[in-house]
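Q: I have a structure I would like to understand better, so I am pasting it below and will then ask my questions one at a time.
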Amino acid sequence: MAENKSFTRKRVAAIHDISGFGKCSLTVALPILSAAGIECSVIPTAVLSTHTGGFTGYTYRDLTEDILPVFRHWQSLGLTFDAGYSGFLGSPEQLEIVAGIFGEMKNDGAMIVVDPVMADDGKLYSTFDAAFPDGMRSLCAGADVIVPNITEAALMTGAEYKDGPYTREYIEKLLARLGGITDALAVLTGVFFDEKELGAALLDPKTGKTAYALARRVPGSYHGTGDVFASVLVAGLMRALPPADAARAAAEFTSAAARRTKDAGSDPRFGVLFEEGLSIKALL
Ligand code: PXL
């Protein structure tokens, strides 16, 4: 395996829920970042028995009150972070707390990555109300990198949501709209133009440059793929890859995990079989 000689050790603060079963949020971010050689510190925002995507009767222990004290304790220890990375956040109050933390981390030089987890397939997740995308838009406004899917991008920008396959025109309009709500690098996921490939479209609003990072498309829909993609993307950025290369690695890794899941015939709610691909340092 080729070692990137210029790589220096990096530490990420991941702020997501922990869903005990179902492979998403922290149960995905931790193994992926660790396997990529990145230290991953966590602030769990809630503890659930499973994620909320297709299960009923799940437990939900809210940890809103602990988020800021955890961060203050870290500060009292003089800890610094190369990146802050958020995903599923359970309430408008959590969005505000995390925005405050990210503001402080950014002042100290951290890269802020926001995956605005809240919707898919044209629909807001059932646990959120219609005002939630406005709060998520504010969190994205202060980020350096955002990783919305098509539904989340449409909800935050007021654009029309469409089912794929997409046209380049629709995708690039959506990217331009994202450029209107934030200066962050936009990595739009769930992009496909035909049955063969699926991945991300990127827009760097500072240069106006658009790029695509596509991999083999696996038919079907698999829970947690957005979290898997975003976690590999963060790992790649921390390993100083150009964003389009980090997104390509993320698309390849996610596609391979979806393929294994399809081949195994496992329940798509149980998450994707990403574990066997965890020698991902080879990709980065
Ligand atoms: O995969 C995103 C996600 C994360 N965390 C929780 C979720 C979901 C999506 O449904 O319910 C708790």
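Q: Classify segment 116-165 from the C-alpha gyration tensor, please: rounded if a/c falls under 1.5, else prolate or oblate depending on whether a/b exceeds b/c. List each step's numbers first, then the result.
A: Details: a/c = 1.84, a/b = 1.24, b/c = 1.48.
Oblate shape, in that a/c is at least 1.5 and b/c is the bigger or equal ratio.
Q: Separate question: Using alpha-carbon positions, what is the distance between the centroids of segment 23-62 and segment 103-173, in Å?
A: Cα centres, segment 23-62 to segment 103-173: 19 Å.
Q: Which residues' amide hydrogens lie under 5 Å from the amide hydrogen of Asp120, considering only partners 5 or more residues apart or on another chain, with H built in the peptide plane?
A: When sequence neighbours closer than 5 places are left aside, the close amide H contacts are Tyr125.
Q: Something else: When the Karplus curve 6.51 cos²θ - 1.76 cosθ + 1.60 is applied with θ = phi - 60°, which whole-Hz ³J(HN,Hα) does each residue of segment 271-276 get, with x for Gly and Pro?
A: x, 8, 7, 8, 4, 5
Q: Still on this structure, I have one more. Among the lysines in the chain, how many pairs, 8 or more places apart or on different chains, have alpha carbons under 17 Å apart?
A: 9
Q: Could you tell me the accessible area of Ile171 in Å² (1.4 Å probe, neighbours in place), rounded to the nearest ten?
A: 0 Å²
Q: Counting every Cα pair in segment 1-125, what percent are over 19 Å apart?
A: 51 percent
Q: Something else now. Work out the charge dipole of the chain with +1 on the Cβ of Lys and Arg and -1 on the Cβ of Asp and Glu about the Cα centre, then indicate which of Ala153, Thr261, His51 is farthest towards its positive end.
A: Thr261
Q: Right, next: May I ask you to evaluate 6.51 cos²θ - 1.76 cosθ + 1.60, the Karplus curve with θ = phi - 60°, for each residue of segment 213-218 and list the ³J(HN,Hα) values in order in whole Hz, giving x for glycine and proline?
A: 9, 10, 9, 4, 7, 10
Q: Can you tell me the relative contact order of the chain? Whole percent, Cα pairs under 8 Å, sequence separation 6 or more. Provide the component values of the computation, followed by the final result.
A: On the way: 568 pairs, mean separation 48.8, N = 284.
Once divided by the residue count of the chain, the mean separation gives 17 percent.
Q: Another one. Which residues' amide hydrogens lie under 5 Å from the amide hydrogen of Asn149, considering only partners 5 or more residues apart or on another chain, with H built in the peptide plane?
A: Those lying under 5 Å, H to H, from Asn149 are Thr189.
Q: Taking a ≥ b ≥ c as the square roots of the eigenvalues of the Cα gyration tensor of segment 97-210, is the shape rounded (a/c under 1.5), prolate (a/b larger than b/c) or oblate?
A: oblate
Q: So how far apart, in nm, are the two label points at Lys123 and Ala141 if each is 7 Å from Cα heading toward Cβ?
A: Modelled inter-label distance: 3.0 nm.
Q: Roughly speaking, to the nearest percent, how much of the chain's 1.4 Å accessible area is carbon and sulfur?
A: Whole-percent figure for carbon plus sulfur exposure: 52.
Q: So if I average 1/r over every pair of distinct C-alpha atoms in segment 160-244 and take the inverse, what Kirkwood radius in Å does that give?
A: Result for segment 160-244, one decimal place: 13.6 Å.
Q: List, in order, the whole-Hz ³J(HN,Hα) value for each residue of segment 52-57 obtained from phi through the Karplus relation with A = 6.51, B = -1.76, C = 1.60 and θ = phi - 60°; use x for Gly and Pro.
A: 9, x, x, 9, 10, x
Q: What's the long-distance tail for segment 13-273, i.e. % of Cα pairs beyond 29 Å?
A: Cα-Cα pairs in segment 13-273 separated by more than 29 Å: 23 percent.
Q: Next question. Going by amide H atoms built from the backbone, whose H comes under 5 Å of the H on Met111, apart from near neighbours?
A: Ala83, Gly84
The values are calculated or read from the model by the stated rules, or taken from the named source; none is laboratory data. Since we're looking at a predicted model, the values are computed, not measured. Neighbour counts run over all protein chains shown; Cβ positions are idealised from the backbone, glycine included. Remember, those area values only see protein heavy atoms, side chains included, never the ligands or the DNA or RNA. Shrake-Rupley method; radii C 1.70, N 1.55, O 1.52, S 1.80 Å.
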